[in-house]
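The values are calculated or read from the model by the stated rules, or taken from the named source; none is laboratory data. Quick caveat: nothing in here was measured; it's all calculated off a predicted structure. Using ideal geometry, Cβ is built from the backbone for each residue, glycine included, and neighbour counts are taken over all protein chains shown.
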Amino acid sequence: MSPTPRHRWQRTAGIPLLLVLIYAVCFGLYSLRRETQTSVRNDERFTLRKVTVEMAQLQSTLETFLREGKLTVARELVAGMSSNPHLQVGLLIDDRQTVVASTRLALLDRKVSEAWPELLRLEHAERMGRARRHMTGIVEVSADGQRVVGYYPVFLSFDRLPEKVGFLYFQHDLATLKAASLYEVQRSVLRSSLMLLLIAGTMGLVIQLTLGRRIQRLTEAAREVVAGKPGVASTEESDDALGRLGQAVSQMAEQIGRNQQELEENEARFQTLIERSPDATFIHWEGKVVFHNPAAAALLGYAQATELRGRQVAELVAPEDVAALTGPMESDTPREVRWVHLAGRQVLGEVVTFPLVFERQPMRVSIVRDITERRQFQDKLNAADRMASLGTLAAGVAHEINNPLSFMLSNVRFVSEELRALSDGWDAPTRERLREVHAALEETLAGGDRVRDIVRDLRTFSRRDEGARGPVNLHSVLDLCGNIARGQLRHRAQLVKDYGVLPLIHGSESRLGQLFLNLIVNAAQAIPEGRDPKVQEVRVTTRREGADWVVVEVKDTGVGISPEHQRRLFEPFFTTKPEGVGTGLGLSICHGIVSALGGRITVESEPGHGSTFRVFLPVGATA
């Protein structure tokens, strides 16, 4: 005897309740796992932010105390941090690896190897080395996830070379904080899960006892509608709870439709923005272009937009710039990339590359702005500034040429007079006079060689060879700049060279010459005329800093620069020279040259005590 529909419903009526209970249990377990992971991540992020802020503030305060010679106050400040229950240890280590301040007084004045041997491990040494190279703090979670460690470089000496740098080391306990947070999360999830089970069980019973048969009739009616009997659907129209539920579902369906329409409108607006944007947009995946806007085709000279689709990125950019688009993405900082135009010329673009999910695939978006004309204009400004520099040096160069030219002309006149006298005969006195003529000619040749050397140096500096790149000897460039600036220096100061051992720099000798000539001429002009040139000096010092940097320092004994002017030194068209003397572009162009090399330029000055410009260049940089 087969069971009737009533009996089948009675046997299956408890299935929804069972499913609801199973869902409640699964949801509780999932919530526990998710909330636990979220809590751990939040604890780590919160602790990292907190330690970073505390260490940055403490670093600045310690440097202020150390600059004022208040070592005792600095020690008390560090010792006062011991009140933090999560701070395991805090150390201030000097350049001799000695603990000069600590949250534990027993560790003071002890070597790191005795006070905290853990710092000698390789992972700590690598982080401290990285912080020392970049002169910035590092705060990270330990490999086992139990601690937060921070390393911040602290200047120990000021206005003295070489600079002494120590380290501020903090170690926070993360395990206790995680355990306490995990306990609270487990209690909260457990309470929520029990409440959900109770609500789900109650709702299941209510549905089973009050709405089960109604839902069964609605299900049968829906089946009949699917089977081609739509007339029965109207029998369920009512104003009770189930009817209102149907109305709510209808309203939700209408809202979903409106949202879908808004989504389509937003997509259309987004597509319009991309297609009409003046900046070229490339979306590429695994080195292949999958989408681009019309501006991208116009940038590279393609008439049909479809010609770019599917092309390899390596075909569209210069070989040395492919890594800028397909390599690791270090930051959102714009980078200069040379693109290959269809006509064969190169287009210089300023590119920002960032990740984006496109058509459910992790891809990269590169937004390109054409800066070819801007760079050409900048090159013209560079040339104009170079000509202004050469004009400033014209008087000195003329003086250098005038001295050898004077005695050359005098000796030429002497040769002319003596040759006229030689026509009277060839006796002994004539032979003596011939020897004198020969000596005069030798002097004339020496003067000519001197003029030739000066003109050669000037031509070497003034030629346009920005595109010629190769290994450059910085000392040769500095010697050439010193020779050219001799006219500015000789009546003001002595040029002192203190060279260290430097590797070759890969770049443009002309642009580096422009950079250092500007700095040397500025240093000379900072020394007023009338002072004893034997006492005043412009000192050029070179040294290597670590494995990645070389430093060129130009120091003068001039009048110095006021603090309010120091903040604007590298702004275009800003100058402290009298009107008609400078263009205000020299230091701005210097800053641009150094930035293009991936380096940096700093200035230290005090009114009445001269100025010091330091140029930091990376080893292996190109310009």
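The number of residues in the range 588-615 that are over 16 Å from T542 (Cα atoms), among the polar types (S, T, N, Q) and free of Cβ contacts under 8 Å to residues at least 40 places away in the same chain comes to 2. Might you let me know whether the range 175-197 holds any residue that is in a loop (DSSP other than H, G, I, E, B) and either at pLDDT below 85 or surrounded by 13 or more Cβ atoms within 10 Å (Cβ to Cβ) (or both)? No.
Would you mind stating whether V496 is surrounded by fewer than 16 Cβ atoms within 10 Å (Cβ to Cβ) and more than 27 Å from R133 (Cα to Cα)? Considered against the rule, which asks whether it is surrounded by fewer than 16 Cβ atoms within 10 Å (Cβ to Cβ) and more than 27 Å from R133 (Cα to Cα), V496 comes out as yes. Could you go through the range 591-606 and let me know if any residue there is surrounded by fewer than 18 Cβ atoms within 10 Å (Cβ to Cβ), modelled with pLDDT of 85 or more and either among the hydrophobic types (A, V, I, L, M, F, W, C) or not in a strand (DSSP E or B) (or both). Yes: one or more hits. If you go through the range 291-313 and keep only what is modelled with pLDDT of 80 or more, in a helix (DSSP H, G or I) and either polar (S, T, N, Q) or under 18 Å from F354 (Cα atoms) (or both), you end up with A296, V313.
Among the residues of the range 70-97, which ones are under 33 Å from the mean Cα position of the chain (by Cα) and of a type outside the set (A, V, I, L, M)? Within the range 70-97, G90, D94, D95, R96, Q97 qualify. Selection of the range 53-77 for residues being closer than 18 Å to A131 by Cβ and either crowded, with 17+ Cβ neighbours inside 10 Å or charged (D, E, K, R) (or both) yields E54, M55, L58, Q59, L62, E63, L66. Go through the range 332-358 and give me each residue that's among the small types (G, A, S) and over 17 Å from A596 (Cα atoms). Those that are among the small types (G, A, S) and over 17 Å from A596 (Cα atoms): A343, G344.
Go through V154, V165 for me and flag whichever is surrounded by 14 or more Cβ atoms within 10 Å (Cβ to Cβ), β-branched (V, I, T) and either modelled with pLDDT under 85 or over 19 Å from L87 (Cβ atoms) (or both). Answer to the selection: V165.
Kindly establish whether I367 is within 28 Å of the chain's Cα centre (by Cα), surrounded by 13 or more Cβ atoms within 10 Å (Cβ to Cβ) and either aliphatic (A, V, I, L, M) or modelled with pLDDT under 65 (or both). Against the criterion (within 28 Å of the chain's Cα centre (by Cα), surrounded by 13 or more Cβ atoms within 10 Å (Cβ to Cβ) and either aliphatic (A, V, I, L, M) or modelled with pLDDT under 65 (or both)), I367 qualifies. Can you tell me which residue is surrounded by the fewest Cβ atoms within 10 Å (Cβ to Cβ) among those in the range 537-553 that are of a type in the set (A, V, I, L, M, F, W, C) and over 24 Å from the mean Cα position of the chain (by Cα)? The extreme case among them is V540.
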